[in-house]
Amino acid sequence: MALQFPNGFQWGTATAAHQVEGGNWNNDWWAWEHAEGTPCEEPSGDACDQLNRYDSDIALCAALGFDNYRFSIEWSRIEPEPGEFSLAALDHYRRVCASCHEHGIEPVVTFHHFTTPRWVVAQGGWHTASTVDLFLRFAERSVAHIGDLIGKACTINEPNIVSFIGYQMALFPPGLTDDALFNATNENFLAAHERVVPILKAGPGDFPVGLTLSMTDYQAVPADDVGALAQRDATRAMMEDRFLDLARNDDFLGVQVYSRMRFDARGILGPEDGVPTLPMGYEFYPQSLEACLRRAWEFTGGSVPLIVTENGIGTNDDDQRRDYVTQALRGVLACIDDGIDVGGYTYWSLMDNFEWAFGYRPRFGIIDVDRPTQRRTVKPSGEWLSRVARANALVD
Ligand code: GCO
């Protein structure tokens, strides 16, 4: 198998506003971090201060040889009160996009990455249909201001995770376990994606638009057991299928994969004996990326090009990170060899950052951040991934 990636294959890294900017006090996550009795290990605080340090972070990303930087714009900054838009915040994100262009990398802009303004939540939040219209208004106003500088747009990041972890597991805001609200939230996210695509494509600017979906390598154990397959398929239907259906006609589908989940006929099995687990609780399982790319491609009948918009590992062992990415990239190459259209690989994350309820403990970055000083240090895995990106090949 060739270790060279096709010409034009795009290399990137990703972050999200709330995980790196700092001081995002006006959204539901900040409130959740500070509320009594939530599972949050610590508040986000100043995060990586990227609000102020975006230019040097983007310069670093470019210096490492990446083609793009994926980041999100923060709704609660842009629209701090209903209908009240902050030109200063919009200008800020314009400068972030411009900084990418100045450093020769493409801005990949996510319009919703997990966080929602407090006032939207007070009006009902994502389980309420009117939130869709509020989101569309925010997106329309934002694209009017920065659209000409956008390289690619991601509509909603992992809507399936926001709904599942927020409305079934009670670990993300609003911290509920409620089937009706879970379903309503999914419906609203589906509608929001479908309706925001034409708004973003209307410009200004002319850029591809897609959804970024969390996928998991769901496995039946044993692989031919009818009961286990039924469990697996029910979970796939709930977590993936309706979103994959929706993405069929988009410009691209962002595939985001971290691990696998196994089922027997009774339900979820824990990690397999002998397979290492990570600080997030799931297995070290880099093979999951290939499996999910193949499933996305088969499910959509090859109708939508794929981009890996997130893949990575939270670990303190930087050799383990390199091992994980090496195996994941071998899977990407195998997919490409089989004719699957995978246009790029985005490592999560550019830097160690706020990992939601887990706080700053899981370290996903190829850049270490010493938060008291905000000093950035490229890890050996980052130097290696930089060589891979520059060579456009899986090098040692
Ligand atoms: C996601 C999340 C990221 C996480 C990452 C690691 O899109 O899944 O957006 O915010 O930090 O997945 O768990």
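Structural remarks
- The residues on offer are Gly45, Gly104, Gly37, and the sole one that is assigned to a loop (DSSP other than H, G, I, E, B), open to solvent by 20 Å² or more (accessible area, probe 1.4 Å), more than 16 Å from the ligand (Cβ to nearest atom) and free of Cβ contacts under 8 Å to residues at least 12 places away in the same chain is Gly37.
- Selection count where residues are within 13 Å of the ligand (Cβ to nearest atom), in a helix (DSSP H, G or I) and not small (Gly, Ala, Ser), scope region 322-367: 3
- The one condition from (1) touching a residue at least 40 places away in the same chain (Cβ under 8 Å); (2) outside any loop (DSSP other than H, G, I, E, B) that Val304 does not meet is (2).
- Against the criterion of being touching a Phe, Trp or Tyr at 6+ places or on another chain (Cβ under 8 Å) and surrounded by fewer than 20 Cβ atoms within 10 Å (Cβ to Cβ), Pro279 qualifies.
- Qualifying residue in region 262-274 (condition: more than 20 Å from Tyr345 (Cβ to Cβ), open to solvent by less than 50 Å² (accessible area, probe 1.4 Å) and within 16 Å of the ligand (Cβ to nearest atom)): no
- Cβ-Cβ under 7 Å pairs, at least 6 apart or on other chains, region 372-396 side under 13 Å from Tyr347 (Cα atoms), far side open to solvent by less than 90 Å² (accessible area, probe 1.4 Å) and at pLDDT below 95: Val388/Val395
- The condition (being within 16 Å of the ligand (Cβ to nearest atom), part of a strand (DSSP E or B) and among the aliphatic types (A, V, I, L, M)) is satisfied by just one residue among Ile165, Ile156: Ile156.
- Here Arg295 meets the list (1) in a helix (DSSP H, G or I); (2) away from the ligand (no atom under 16 Å from the Cβ); (3) open to solvent by less than 10 Å² (accessible area, probe 1.4 Å) almost entirely, failing just condition (3).
- Looking across region 200-225, the residues that are under 29 Å from Arg94 (Cβ atoms), of a type in the set (A, V, I, L, M) and surrounded by 20 or more Cβ atoms within 10 Å (Cβ to Cβ) come down to Leu200, Val209, Leu211, Leu213.
- If the condition is being touching a helix residue (DSSP H, G or I) at 6+ places or on another chain (Cβ under 8 Å) and more than 13 Å from the ligand (Cβ to nearest atom), then region 298-318 contributes Phe299, Thr300, Val304, Leu306, Asp318.
- Looking only at region 126-144, and only at residues there that are out of contact with any Gly (no Cβ under 7 Å at 6 or more places or on another chain) and surrounded by fewer than 19 Cβ atoms within 10 Å (Cβ to Cβ), the one that is nearest to Trp30 (Cα to Cα): Thr128
- Scanning region 169-199 for residues that are of a type in the set (Val, Ile, Thr) and surrounded by fewer than 17 Cβ atoms within 10 Å (Cβ to Cβ) yields a single hit, Thr177.
- Qualifying residues in region 53-76 (those that are of a type in the set (Asp, Glu) and not in a helix (DSSP H, G or I)) - the one nearest to Ile366 (Cα to Cα): Asp67
- With respect to the conditions (1) farther than 20 Å from Asp352 by Cα; (2) open to solvent by 20 Å² or more (accessible area, probe 1.4 Å), Leu244 lacks only one, and its number is (2).
- The condition of being part of a helix (DSSP H, G or I) and of a type in the set (A, V, I, L, M) holds for only one of Met239, Met280, that being Met239.
- Conditions (1) touching a helix residue (DSSP H, G or I) at 6+ places or on another chain (Cβ under 6 Å); (2) under 19 Å from Val109 (Cα atoms): number failed by Asn52: (1)
The values are calculated or read from the model by the stated rules, or taken from the named source; none is laboratory data. What you see is a predicted model; the values in this text were computed from it and never measured. As a convention, Cβ positions derive from the backbone with ideal geometry for all residues, glycine included, and neighbour counts pool all protein chains shown. Heads up: the accessible areas ignore ligands, DNA and RNA and are worked out on the full protein's heavy atoms, side chains in. Shrake-Rupley method; radii C 1.70, N 1.55, O 1.52, S 1.80 Å.
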